[in-house]
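Here's the structure we're looking at; comments come further down.
The values are calculated or read from the model by the stated rules, or taken from the named source; none is laboratory data. In this text the structure is predicted, and so the values were computed from the model without any measurement. Here the Cβ is made from the backbone with ideal geometry for all residues, glycine too, and neighbour counts use every protein chain on show. When the accessible area is computed, the model is the full protein with side chains, heavy atoms only, and any ligands, DNA or RNA have been set aside. Shrake-Rupley method; radii C 1.70, N 1.55, O 1.52, S 1.80 Å.
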Amino acid sequence: MNTETFRKVLEILRREYGRWDAPAKRFENAYERTPYTILNSTLLSFRTKDEVTLAAGQRLFALATTPQEMVKLDRETVAEAIYPVGFYNKKAQSILDVARDLLEHHGGEVPDTFEALVRVKGIGPKTANIVLENAFGQKTVAVDTHVHRIVNLLGFVDTATPEATEKALKETLDETELAGLNKLLVSFGQVICRPQKPHCGECPVRQFCPTAS
Ligand code: SF4
């Protein structure tokens with residue numbers, strides 16, 4: 001798929017986005033959206049279904065919505081609140097490490113640059129990009145499994161890893177086109193282009209897809 005066709009696909013998906021009842025969109029109203037809750041929600045989400053992440057976030061943010069409040073909790077309490085997200089013990093530790101780091105080095109605020117974010121203990125490049133895009137509205141692209149899978153199956157890129165996909169997307173699309181791409185494709189991947197059983201029959205971009213069934 002060439003860039004022009006991919007732009008057309010994105011245009012169609014952006015038009016359809018408002019009609020989808022995707023778990024990713026429910027996050028918008030589930031709890032107060034601050035850079036800190038978005039950061040923690042992102043940490044919770046890895047290797048975890050969105051419905052589980054959403055419920056875990058609601059329980060966690062009922063206890064603490066700032067680093068100051070978070071560090072007052074012990075690891076067991078955090079783990080209990082976020083269970084059963086994947087690796088809940090490890091994630092509980094990360095949540096506390098991040099809270100301490102933010103308090104020690106950033107005055108309790110979430111930094112808004114990639115370089116500063118990846119220096120925080122517990123934050124990797126993927127988390128940093130998601131936070132920059134979703135919390136600060138920066139024009140970057142966070143490539144998770146949905147984004148990586150969908151742009152490959154559409155034949156726009158041919159890459160083996162999310163990192164390679166991110167690089168390829170940044171080389172071909174401009175910043176405006178990248179903005180919101182994560183949320184768009186994650187929602188598309190949850191509602192229509194599902195990993196196990198894609199709903200090709202109701203897919204608005206079926207005509208462009210080389211793997212339509
Ligand atoms: S046609 Fe099927 S596989 Fe292709 S993008 Fe649409 S849902 Fe996904």
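Of all residues in the range 203-212, those satisfying the criterion of being near the ligand (Cβ under 6 Å from one of its atoms) and among the hydrophobic types (A, V, I, L, M, F, W, C) are Cys203, Val205, Cys209, Ala212. Between Thr159, Thr127, Thr145, the distinction of being within 19 Å of Leu44 (Cα to Cα) and more than 16 Å from the ligand (Cβ to nearest atom) belongs to Thr127 only. The single residue among Glu171, Glu163 that is surrounded by fewer than 15 Cβ atoms within 10 Å (Cβ to Cβ), under 28 Å from Asp97 (Cβ atoms) and not hydroxyl-bearing (Ser, Thr, Tyr) turns out to be Glu163. Mind counting the residues in the range 180-202 that are farther than 21 Å from Asp50 by Cα and either more than 16 Å from the ligand (Cβ to nearest atom) or surrounded by 12 or more Cβ atoms within 10 Å (Cβ to Cβ) (or both)? Number of matching residues: 1. If you check Val110 against the conditions, is it among the hydrophobic types (A, V, I, L, M, F, W, C), modelled with pLDDT of 95 or more and assigned to a helix (DSSP H, G or I)? Considered against the rule, which asks whether it is among the hydrophobic types (A, V, I, L, M, F, W, C), modelled with pLDDT of 95 or more and assigned to a helix (DSSP H, G or I), Val110 comes out as no. Of the residues making up the range 17-48, those that are assigned to a helix (DSSP H, G or I) and open to solvent by 40 Å² or more (accessible area, probe 1.4 Å) are Tyr17, Gly18, Arg19, Arg26, Glu28, Asn29, Pro35.
All conditions in (1) under 16 Å from the mean Cα position of the chain (by Cα); (2) within 21 Å of Leu153 (Cα to Cα); (3) in a helix (DSSP H, G or I) hold for Arg14, with the sole exception of (1). Scanning the range 172-206 for residues that are under 14 Å from Arg7 (Cα atoms) and not in a loop (DSSP other than H, G, I, E, B) gives Thr172, Glu175, Thr176, Glu177, Leu178, Leu181, Leu184, Leu185. Among the residues of the range 149-156, none qualifies, meaning not one is away from the ligand (no atom under 16 Å from the Cβ), more than 23 Å from Arg33 (Cβ to Cβ) and assigned to a loop (DSSP other than H, G, I, E, B). Of all residue pairs spaced 6 or more apart or on separate chains, those with beta-carbon atoms under 6 Å, a first member in the range 197-213 that is under 10 Å from Ile12 (Cβ atoms) and a second member that is more than 6 Å from the ligand (Cβ to nearest atom) and open to solvent by less than 50 Å² (accessible area, probe 1.4 Å) are Pro204/Ile12; Pro204/Glu16; Val205/Val9; Val205/Ile12; Phe208/Thr5; Phe208/Val9. If you go through the range 64-96, how many residues are open to solvent by less than 30 Å² (accessible area, probe 1.4 Å) and modelled with pLDDT of 95 or more? Within the range 64-96, residues that are open to solvent by less than 30 Å² (accessible area, probe 1.4 Å) and modelled with pLDDT of 95 or more number 11. Take the range 38-78 and flag every residue that is in contact with a helix residue (DSSP H, G or I) (Cβ under 7 Å, 6 or more places away or on another chain) and under 22 Å from Asp21 (Cβ atoms). Passing the criteria: Ile38, Ser41, Thr42, Leu44, Ser45, Asp50, Glu51, Thr53, Leu54, Ala56, Gly57, Gln58.
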